[in-house]
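Asker: First, the structure itself, so that you have it in front of you.
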Protein chains: 2
Amino acid sequence: MSQGDAGIDLNTSLGYLLKEASSALRVAMEEVLRPLGMGVTHYACLELLAQRPGLSNSELARGAFVTRQTMNVLLQNLEREGYVTRPAEAPVGKALPARLTPSGRRSLDQATAAVRSVEVRMLSGMTEAERSAAFHALKSMILSLASPPTPPPPPADRG
Amino acid sequence: MSQGDAGIDLNTSLGYLLKEASSALRVAMEEVLRPLGMGVTHYACLELLAQRPGLSNSELARGAFVTRQTMNVLLQNLEREGYVTRPAEAPVGKALPARLTPSGRRSLDQATAAVRSVEVRMLSGMTEAERSAAFHALKSMILSLASPPTPPPPPADRG
DNA sequence: CAACCTATGTCAGAATCCTGACATGAGTCA
DNA sequence: TGACTCATGTCAGGATTCTGACATAGGTTG
(Lines give C-alpha, C1' and ligand atoms only; values in the text may rest on other atoms or scores of the structure.)
Protein backbone atom coordinates (compact mmCIF):
# COMPACT_ATOMS: atom_id res chain seq x y z
CA MET A 1 0.00 0.00 0.00
CA SER A 2 2.61 2.56 -0.81
CA GLN A 3 2.18 3.22 -4.46
CA GLY A 4 -0.38 4.41 -7.01
CA ASP A 5 -1.74 1.08 -8.09
CA ALA A 6 -3.47 0.17 -4.89
CA GLY A 7 -6.93 1.33 -5.88
CA ILE A 8 -9.00 4.39 -6.54
CA ASP A 9 -8.45 7.10 -3.98
CA LEU A 10 -11.94 7.91 -2.81
CA ASN A 11 -10.77 11.20 -1.33
CA THR A 12 -9.85 12.60 -4.73
CA SER A 13 -12.18 10.62 -6.98
CA LEU A 14 -14.62 12.70 -8.99
CA GLY A 15 -16.80 9.63 -9.41
CA TYR A 16 -17.12 9.14 -5.68
CA LEU A 17 -17.83 12.82 -5.16
CA LEU A 18 -20.45 12.66 -7.87
CA LYS A 19 -22.19 9.80 -6.10
CA GLU A 20 -21.97 11.60 -2.78
CA ALA A 21 -23.49 14.78 -4.17
CA SER A 22 -26.20 12.88 -5.98
CA SER A 23 -27.01 10.91 -2.85
CA ALA A 24 -27.23 14.08 -0.77
CA LEU A 25 -29.50 15.67 -3.33
CA ARG A 26 -31.75 12.64 -3.46
CA VAL A 27 -32.05 12.50 0.32
CA ALA A 28 -32.84 16.20 0.50
CA MET A 29 -35.49 15.90 -2.21
CA GLU A 30 -37.11 12.87 -0.62
CA GLU A 31 -37.22 14.76 2.64
CA VAL A 32 -39.20 17.69 1.25
CA LEU A 33 -41.36 15.51 -1.01
CA ARG A 34 -42.36 13.03 1.69
CA PRO A 35 -44.91 15.39 3.31
CA LEU A 36 -46.56 15.58 -0.11
CA GLY A 37 -46.68 11.81 -0.41
CA MET A 38 -44.44 11.97 -3.44
CA GLY A 39 -41.18 10.30 -4.45
CA VAL A 40 -38.40 11.63 -6.64
CA THR A 41 -39.44 9.60 -9.68
CA HIS A 42 -43.03 10.66 -9.14
CA TYR A 43 -42.01 14.31 -9.09
CA ALA A 44 -39.71 13.94 -12.09
CA CYS A 45 -42.55 12.48 -14.11
CA LEU A 46 -44.85 15.40 -13.34
CA GLU A 47 -42.17 18.00 -14.00
CA LEU A 48 -41.31 16.42 -17.34
CA LEU A 49 -44.95 16.38 -18.37
CA ALA A 50 -45.34 20.04 -17.44
CA GLN A 51 -42.43 21.08 -19.60
CA ARG A 52 -43.07 18.72 -22.48
CA PRO A 53 -46.74 17.75 -22.62
CA GLY A 54 -47.45 14.68 -24.68
CA LEU A 55 -44.36 12.73 -23.72
CA SER A 56 -44.78 8.97 -23.97
CA ASN A 57 -44.15 6.42 -21.26
CA SER A 58 -40.76 5.47 -22.69
CA GLU A 59 -39.69 9.08 -23.08
CA LEU A 60 -40.68 9.84 -19.51
CA ALA A 61 -38.73 6.82 -18.34
CA ARG A 62 -35.58 8.03 -20.05
CA GLY A 63 -36.07 11.51 -18.66
CA ALA A 64 -36.49 10.22 -15.12
CA PHE A 65 -33.65 7.67 -15.41
CA VAL A 66 -35.76 4.61 -14.75
CA THR A 67 -36.93 1.74 -16.96
CA ARG A 68 -40.13 1.98 -18.99
CA GLN A 69 -41.64 -0.77 -16.81
CA THR A 70 -41.13 1.30 -13.68
CA MET A 71 -42.50 4.41 -15.32
CA ASN A 72 -45.43 2.42 -16.64
CA VAL A 73 -46.70 1.38 -13.21
CA LEU A 74 -46.18 4.93 -11.96
CA LEU A 75 -48.18 6.32 -14.88
CA GLN A 76 -50.94 3.79 -14.30
CA ASN A 77 -51.20 4.92 -10.70
CA LEU A 78 -51.14 8.60 -11.62
CA GLU A 79 -53.78 7.97 -14.26
CA ARG A 80 -56.00 6.07 -11.87
CA GLU A 81 -55.68 8.87 -9.32
CA GLY A 82 -56.51 11.51 -11.89
CA TYR A 83 -53.19 13.34 -12.16
CA VAL A 84 -52.45 12.48 -15.77
CA THR A 85 -54.45 11.37 -18.78
CA ARG A 86 -53.59 9.17 -21.71
CA PRO A 87 -55.71 8.49 -24.78
CA ALA A 88 -57.18 5.02 -25.06
CA GLU A 89 -55.61 4.60 -28.47
CA ALA A 90 -52.29 5.75 -29.86
CA PRO A 91 -52.59 8.51 -32.48
CA VAL A 92 -49.57 7.03 -34.17
CA GLY A 93 -47.49 3.94 -33.47
CA LYS A 94 -47.91 2.57 -29.97
CA ALA A 95 -46.77 5.60 -27.99
CA LEU A 96 -49.49 7.09 -25.80
CA PRO A 97 -48.96 10.83 -25.23
CA ALA A 98 -49.50 11.66 -21.56
CA ARG A 99 -50.71 14.99 -20.20
CA LEU A 100 -51.18 16.58 -16.81
CA THR A 101 -54.70 17.16 -15.54
CA PRO A 102 -55.45 20.34 -13.58
CA SER A 103 -55.21 18.20 -10.47
CA GLY A 104 -51.80 16.98 -11.54
CA ARG A 105 -50.72 20.54 -12.22
CA ARG A 106 -51.73 21.60 -8.72
CA SER A 107 -49.89 18.67 -7.21
CA LEU A 108 -46.81 19.56 -9.22
CA ASP A 109 -46.93 23.19 -8.13
CA GLN A 110 -46.60 22.19 -4.49
CA ALA A 111 -43.76 19.82 -5.29
CA THR A 112 -41.95 22.38 -7.40
CA ALA A 113 -41.94 24.87 -4.54
CA ALA A 114 -40.49 22.23 -2.23
CA VAL A 115 -37.85 21.08 -4.69
CA ARG A 116 -36.92 24.63 -5.57
CA SER A 117 -36.01 25.28 -1.96
CA VAL A 118 -33.64 22.33 -2.09
CA GLU A 119 -31.99 23.50 -5.29
CA VAL A 120 -31.65 27.00 -3.89
CA ARG A 121 -29.95 25.58 -0.83
CA MET A 122 -27.65 23.49 -2.97
CA LEU A 123 -26.57 26.50 -5.00
CA SER A 124 -26.32 28.80 -2.01
CA GLY A 125 -22.65 28.24 -1.40
CA MET A 126 -21.55 28.62 -5.01
CA THR A 127 -20.65 31.64 -7.05
CA GLU A 128 -22.13 32.13 -10.49
CA ALA A 129 -18.78 31.18 -12.00
CA GLU A 130 -18.70 27.96 -10.01
CA ARG A 131 -22.20 27.05 -11.10
CA SER A 132 -21.26 27.57 -14.71
CA ALA A 133 -18.11 25.53 -14.31
CA ALA A 134 -20.01 22.71 -12.65
CA PHE A 135 -22.60 22.79 -15.42
CA HIS A 136 -20.03 22.38 -18.15
CA ALA A 137 -18.04 19.80 -16.23
CA LEU A 138 -21.12 17.64 -15.68
CA LYS A 139 -22.02 17.96 -19.36
CA SER A 140 -18.55 16.76 -20.26
CA MET A 141 -18.80 13.77 -17.95
CA ILE A 142 -22.16 12.76 -19.34
CA LEU A 143 -20.91 13.02 -22.89
CA SER A 144 -17.80 11.00 -22.17
CA LEU A 145 -19.76 8.26 -20.44
CA ALA A 146 -22.37 8.04 -23.14
CA SER A 147 -22.44 5.13 -25.53
CA PRO A 148 -18.92 3.72 -25.83
CA PRO A 149 -19.34 0.96 -23.25
CA THR A 150 -18.33 -1.72 -25.71
CA PRO A 151 -15.51 -0.35 -27.82
CA PRO A 152 -16.47 -0.88 -31.46
CA PRO A 153 -15.46 -4.42 -32.44
CA PRO A 154 -12.54 -4.61 -34.85
CA PRO A 155 -13.73 -4.41 -38.47
CA ALA A 156 -12.55 -7.99 -38.78
CA ASP A 157 -10.91 -7.89 -42.14
CA ARG A 158 -9.25 -11.17 -41.38
CA GLY A 159 -10.59 -14.39 -42.88
CA MET B 1 -47.11 29.63 -18.42
CA SER B 2 -45.05 32.55 -19.55
CA GLN B 3 -42.90 33.42 -16.61
CA GLY B 4 -40.30 31.98 -14.26
CA ASP B 5 -42.64 30.38 -11.79
CA ALA B 6 -43.82 27.55 -13.97
CA GLY B 7 -41.38 24.97 -12.67
CA ILE B 8 -37.75 24.01 -12.64
CA ASP B 9 -36.15 24.19 -16.04
CA LEU B 10 -34.60 20.77 -16.46
CA ASN B 11 -32.40 22.04 -19.27
CA THR B 12 -30.52 24.39 -16.98
CA SER B 13 -30.96 22.63 -13.64
CA LEU B 14 -27.76 21.59 -11.94
CA GLY B 15 -29.72 19.10 -9.88
CA TYR B 16 -31.06 17.36 -12.95
CA LEU B 17 -27.62 17.35 -14.55
CA LEU B 18 -26.19 15.90 -11.37
CA LYS B 19 -28.68 13.06 -11.47
CA GLU B 20 -28.01 12.47 -15.15
CA ALA B 21 -24.27 12.28 -14.64
CA SER B 22 -24.62 10.04 -11.63
CA SER B 23 -26.97 7.76 -13.51
CA ALA B 24 -24.59 7.52 -16.44
CA LEU B 25 -21.71 6.73 -14.12
CA ARG B 26 -23.70 4.06 -12.32
CA VAL B 27 -24.74 2.40 -15.58
CA ALA B 28 -21.16 2.43 -16.84
CA MET B 29 -19.85 0.93 -13.61
CA GLU B 30 -22.49 -1.77 -13.51
CA GLU B 31 -21.60 -2.64 -17.07
CA VAL B 32 -17.94 -3.29 -16.35
CA LEU B 33 -18.60 -4.92 -12.97
CA ARG B 34 -21.24 -7.35 -14.24
CA PRO B 35 -18.69 -9.71 -15.84
CA LEU B 36 -17.09 -9.94 -12.40
CA GLY B 37 -20.39 -10.78 -10.75
CA MET B 38 -20.19 -7.61 -8.71
CA GLY B 39 -22.50 -4.67 -8.08
CA VAL B 40 -21.61 -1.08 -7.33
CA THR B 41 -22.33 -1.39 -3.62
CA HIS B 42 -20.34 -4.59 -3.51
CA TYR B 43 -17.36 -2.88 -5.12
CA ALA B 44 -17.66 0.20 -2.92
CA CYS B 45 -17.54 -1.98 0.17
CA LEU B 46 -14.34 -3.70 -0.94
CA GLU B 47 -12.68 -0.46 -1.99
CA LEU B 48 -13.53 1.18 1.33
CA LEU B 49 -12.11 -1.77 3.24
CA ALA B 50 -8.90 -1.65 1.23
CA GLN B 51 -8.34 2.00 2.01
CA ARG B 52 -9.53 1.93 5.60
CA PRO B 53 -9.19 -1.55 7.07
CA GLY B 54 -11.23 -2.13 10.19
CA LEU B 55 -14.25 -0.11 9.19
CA SER B 56 -17.46 -1.21 10.85
CA ASN B 57 -20.70 -2.18 9.16
CA SER B 58 -22.29 1.22 9.85
CA GLU B 59 -19.24 3.11 8.64
CA LEU B 60 -19.15 1.09 5.44
CA ALA B 61 -22.84 1.78 4.93
CA ARG B 62 -22.31 5.53 5.19
CA GLY B 63 -19.33 5.34 2.84
CA ALA B 64 -21.30 3.41 0.25
CA PHE B 65 -24.45 5.53 0.64
CA VAL B 66 -26.73 2.71 1.70
CA THR B 67 -28.40 1.80 4.98
CA ARG B 68 -26.75 -0.32 7.68
CA GLN B 69 -29.23 -3.08 6.98
CA THR B 70 -28.29 -3.26 3.32
CA MET B 71 -24.59 -3.25 4.08
CA ASN B 72 -25.13 -5.86 6.75
CA VAL B 73 -26.56 -8.47 4.39
CA LEU B 74 -23.80 -7.68 1.88
CA LEU B 75 -21.14 -8.13 4.55
CA GLN B 76 -22.69 -11.42 5.67
CA ASN B 77 -22.52 -12.69 2.10
CA LEU B 78 -18.94 -11.50 1.62
CA GLU B 79 -17.99 -13.09 4.91
CA ARG B 80 -19.62 -16.39 4.02
CA GLU B 81 -17.84 -16.39 0.67
CA GLY B 82 -14.50 -15.64 2.27
CA TYR B 83 -13.85 -12.14 0.98
CA VAL B 84 -13.93 -10.36 4.32
CA THR B 85 -13.52 -11.33 7.95
CA ARG B 86 -15.02 -9.98 11.12
CA PRO B 87 -14.17 -10.95 14.67
CA ALA B 88 -16.79 -12.91 16.54
CA GLU B 89 -16.80 -10.35 19.33
CA ALA B 90 -16.46 -6.60 19.27
CA PRO B 91 -13.17 -5.31 20.72
CA VAL B 92 -15.04 -2.27 21.94
CA GLY B 93 -18.70 -1.33 21.87
CA LYS B 94 -20.73 -3.26 19.33
CA ALA B 95 -18.85 -2.29 16.16
CA LEU B 96 -17.17 -5.23 14.42
CA PRO B 97 -14.10 -4.15 12.43
CA ALA B 98 -14.13 -5.78 8.99
CA ARG B 99 -11.04 -6.65 6.94
CA LEU B 100 -10.34 -7.93 3.45
CA THR B 101 -9.00 -11.46 3.06
CA PRO B 102 -6.37 -12.16 0.39
CA SER B 103 -9.20 -13.52 -1.71
CA GLY B 104 -11.13 -10.30 -1.24
CA ARG B 105 -8.07 -8.30 -2.18
CA ARG B 106 -7.69 -10.24 -5.42
CA SER B 107 -11.35 -9.75 -6.23
CA LEU B 108 -11.01 -6.04 -5.58
CA ASP B 109 -7.95 -5.73 -7.82
CA GLN B 110 -9.93 -6.95 -10.81
CA ALA B 111 -12.79 -4.62 -10.01
CA THR B 112 -10.48 -1.66 -9.53
CA ALA B 113 -9.00 -2.11 -12.97
CA ALA B 114 -12.46 -2.22 -14.50
CA VAL B 115 -13.71 0.81 -12.59
CA ARG B 116 -10.56 2.76 -13.30
CA SER B 117 -11.23 2.43 -17.03
CA VAL B 118 -14.64 3.98 -16.49
CA GLU B 119 -13.27 6.88 -14.49
CA VAL B 120 -10.58 7.47 -17.08
CA ARG B 121 -13.23 7.59 -19.77
CA MET B 122 -15.32 9.98 -17.71
CA LEU B 123 -12.41 12.36 -17.26
CA SER B 124 -11.19 12.04 -20.83
CA GLY B 125 -13.08 15.02 -22.16
CA MET B 126 -12.15 17.39 -19.35
CA THR B 127 -9.15 19.63 -18.86
CA GLU B 128 -7.33 19.65 -15.56
CA ALA B 129 -8.88 23.02 -14.77
CA GLU B 130 -12.34 21.64 -15.43
CA ARG B 131 -11.71 18.66 -13.18
CA SER B 132 -10.60 20.94 -10.39
CA ALA B 133 -13.60 23.18 -10.87
CA ALA B 134 -15.95 20.23 -10.82
CA PHE B 135 -14.29 18.90 -7.68
CA HIS B 136 -14.77 22.13 -5.77
CA ALA B 137 -18.29 22.66 -7.10
CA LEU B 138 -19.37 19.20 -5.99
CA LYS B 139 -17.81 19.76 -2.59
CA SER B 140 -19.80 22.96 -2.28
CA MET B 141 -23.04 21.25 -3.19
CA ILE B 142 -22.50 18.47 -0.69
CA LEU B 143 -21.71 20.95 2.05
CA SER B 144 -24.75 23.06 1.31
CA LEU B 145 -27.06 20.06 1.26
CA ALA B 146 -25.72 18.62 4.49
CA SER B 147 -27.71 18.80 7.69
CA PRO B 148 -30.09 21.77 7.50
CA PRO B 149 -33.17 19.85 6.37
CA THR B 150 -35.24 21.17 9.26
CA PRO B 151 -34.25 24.76 9.87
CA PRO B 152 -33.50 25.14 13.58
CA PRO B 153 -36.72 26.05 15.39
CA PRO B 154 -36.84 29.64 16.65
CA PRO B 155 -35.27 29.97 20.11
CA ALA B 156 -38.69 31.01 21.33
CA ASP B 157 -37.78 33.87 23.57
CA ARG B 158 -41.38 34.92 23.64
CA GLY B 159 -43.53 34.24 26.65
C1' DC C 1 -25.39 5.43 40.67
C1' DA C 2 -29.56 6.03 37.67
C1' DA C 3 -31.83 7.94 33.75
C1' DC C 4 -31.18 9.28 29.31
C1' DC C 5 -29.40 9.57 24.72
C1' DT C 6 -26.85 7.97 20.84
C1' DA C 7 -24.79 4.46 17.95
C1' DT C 8 -24.48 -0.17 16.58
C1' DG C 9 -25.78 -5.01 14.76
C1' DT C 10 -29.44 -7.68 13.38
C1' DC C 11 -33.98 -9.69 12.03
C1' DA C 12 -38.42 -9.33 9.49
C1' DG C 13 -41.60 -7.29 6.26
C1' DA C 14 -42.59 -4.04 2.70
C1' DA C 15 -41.61 -0.88 -1.02
C1' DT C 16 -39.08 0.05 -5.04
C1' DC C 17 -36.90 -0.93 -9.16
C1' DC C 18 -35.15 -4.06 -12.59
C1' DT C 19 -34.72 -8.24 -15.87
C1' DG C 20 -37.19 -11.29 -18.88
C1' DA C 21 -40.71 -11.99 -22.04
C1' DC C 22 -44.50 -11.21 -25.30
C1' DA C 23 -47.33 -8.82 -28.76
C1' DT C 24 -48.07 -4.78 -31.53
C1' DG C 25 -46.99 -0.80 -34.74
C1' DA C 26 -43.79 1.54 -37.92
C1' DG C 27 -39.85 1.98 -40.90
C1' DT C 28 -36.33 -0.31 -44.13
C1' DC C 29 -34.83 -3.23 -47.74
C1' DA C 30 -35.01 -6.53 -51.34
C1' DT D 1 -45.55 -7.88 -50.62
C1' DG D 2 -42.76 -10.20 -47.13
C1' DA D 3 -38.88 -10.39 -43.91
C1' DC D 4 -36.22 -7.84 -40.91
C1' DT D 5 -35.22 -4.45 -37.37
C1' DC D 6 -36.42 -1.28 -33.92
C1' DA D 7 -39.28 1.04 -30.46
C1' DT D 8 -43.20 0.84 -27.64
C1' DG D 9 -46.70 -0.78 -23.93
C1' DT D 10 -47.52 -4.23 -20.79
C1' DC D 11 -47.48 -8.36 -17.63
C1' DA D 12 -45.01 -11.45 -14.42
C1' DG D 13 -41.28 -12.69 -11.42
C1' DG D 14 -37.14 -11.67 -9.04
C1' DA D 15 -33.43 -8.80 -7.09
C1' DT D 16 -32.18 -4.92 -4.36
C1' DT D 17 -32.91 -1.56 -1.08
C1' DC D 18 -35.43 0.59 2.51
C1' DT D 19 -38.48 1.19 6.81
C1' DG D 20 -39.69 -0.58 11.28
C1' DA D 21 -38.38 -2.75 15.36
C1' DC D 22 -35.58 -4.76 19.09
C1' DA D 23 -31.61 -5.53 22.11
C1' DT D 24 -27.10 -4.10 23.50
C1' DA D 25 -22.82 -1.05 24.41
C1' DG D 26 -21.02 3.37 25.67
C1' DG D 27 -21.16 8.15 26.96
C1' DT D 28 -23.52 12.10 29.35
C1' DT D 29 -25.93 14.45 32.88
C1' DG D 30 -28.24 15.03 37.10
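Asker: Report the charge-dipole magnitude of the stretch B:14-144 in Debye, nearest 20, computed about the Cα centre from +1 at each Lys and Arg Cβ and -1 at each Asp and Glu Cβ.
Answerer: The calculation lands at about 240 debye.
Asker: Set the Förster distance to 25 Å, then compute FRET efficiency between B:Glu30 and A:Leu36 from the Cβ-Cβ distance, nearest 0.05.
Answerer: Here the calculated transfer efficiency is 0.20.
Asker: Using 1/(1 + (r/R0)^6) with R0 = 45 angstrom and r between the beta carbons of A:Thr85 and B:Ser132, what's the FRET efficiency to the nearest 0.05? Mind showing how you got there, number by number?
Answerer: Values: r = 48 Å, r/R0 = 1.07.
That gives a FRET efficiency of 0.40.
Asker: Right, another one. Would you list which lysines come within 21 Å of B:Lys19, measuring only between C-alpha atoms, while excluding same-chain residues fewer than 8 positions from it?
Answerer: A:Lys19, A:Lys139, B:Lys139
Asker: Put +1 on the Cβ of every Lys and Arg and -1 on every Asp and Glu Cβ in chain B; which of B:Gly39, B:Leu143, B:Ala90 then has its Cα farthest towards the positive end of the dipole?
Answerer: Farthest towards the positive end: B:Ala90.
Asker: Could you pull out every whole DSSP H run in chain B that spans at least 20 Å of Cα extent along its own axis and averages -0.5 or higher on the Kyte-Doolittle scale?
Answerer: Within chain B the helices that satisfy the rule are B:14-33, B:102-123, B:128-145.
Asker: Once the principal axes of the Cα atoms of the stretch B:1-83 are found, what is the range along each, listed largest first in whole angstroms?
Answerer: 61, 28, 21
Asker: Then there's this: Between the label point of B:Ala129 and that of the same position in each other copy, find the distances and list them shortest first in nm, with every label point placed 7 Å from Cα along the Cα-to-C-beta direction.
Answerer: Shortest to longest, the spacings are 1.0 nm.
Asker: Between A:Ser124 and B:Ser103, what is the spin-label point distance in nm, taking each point 7 Å from the Cα along the Cα→C-beta axis?
Answerer: 4.9
Asker: Could you bin all the Cα-Cα distances of chain B into 10 Å bins starting at 0 and give me the percent of pairs in each, rounded to whole numbers?
Answerer: Spelled out bin by bin, chain B gives 9, 27, 29, 21, 10, 4, 1 percent.
Asker: For the protein assembly as shown, which whole-number percentage of the solvent-accessible area (1.4 Å probe, protein heavy atoms only) is attributable to carbon and sulfur atoms?
Answerer: Reported share for carbon and sulfur atoms: 55 percent.
Asker: Per residue, how many Å² of accessible area does the stretch A:14-143 show with a 1.4 Å probe?
Answerer: 50
Asker: How many nanometers, to one decimal and shortest first, lie between the label point of A:Thr41 and those of its other copies, if labels sit 7 Å from Cα toward Cβ?
Answerer: 1.6
Asker: Modelled label-to-label distance, A:Asn77 and B:Thr70, 7 Å Cα→beta-carbon offset: nm?
Answerer: My value for the distance between the label points is 1.8 nm.
Asker: While we're looking at this one, here's another question. As a check on your grasp of the helix formula, calculate [θ] at 222 nm for chain A: sum -39500 (n - 2.57) over DSSP H runs of n ≥ 4, divide by the residue count, round to the nearest 500. Spell out each step's value before the answer.
Answerer: On the way: 6 runs with 93 residues, N = 159.
Helix contribution divided over all residues of chain A: -19500 deg cm²/dmol.
Asker: I would also like to ask the following. To the nearest 0.05, what FRET efficiency results for B:Gln110 and A:Val92 with a Förster distance of 45 Å applied to their C-beta separation? Kindly include the intermediate steps, with their values, before the conclusion.
Answerer: Details: r = 48 Å, r/R0 = 1.06.
Rounded to the nearest 0.05, the efficiency is 0.40.
Asker: Placing a label point 7 Å from Cα toward Cβ, how far apart in nm is A:Thr67 from its equivalents in the other copies, listed shortest first to one decimal?
Answerer: Result for A:Thr67, in nm, nearest copy first: 2.2.
Asker: Give me the accessible area buried between chains A and B, both sides summed, with a 1.4 Å probe, in Å² rounded to the nearest 100.
Answerer: Chains A and B together bury approximately 5800 Å².
Asker: May I ask you to derive the relative contact order of chain A, considering only C-alpha pairs under 8 Å and at least 6 residues apart, and to give it as an integer percent?
Answerer: 19
The values are calculated or read from the model by the stated rules, or taken from the named source; none is laboratory data. Predicted model only: the values in this text are computed from it and were never measured. Because the Cβ atoms are built from the backbone with ideal geometry, glycine has one as well, and the counts that use them run over all protein chains shown. In case anyone asks, the SASA skips ligands and DNA or RNA and just uses the protein heavy atoms, side chains included. Shrake-Rupley method; radii C 1.70, N 1.55, O 1.52, S 1.80 Å.
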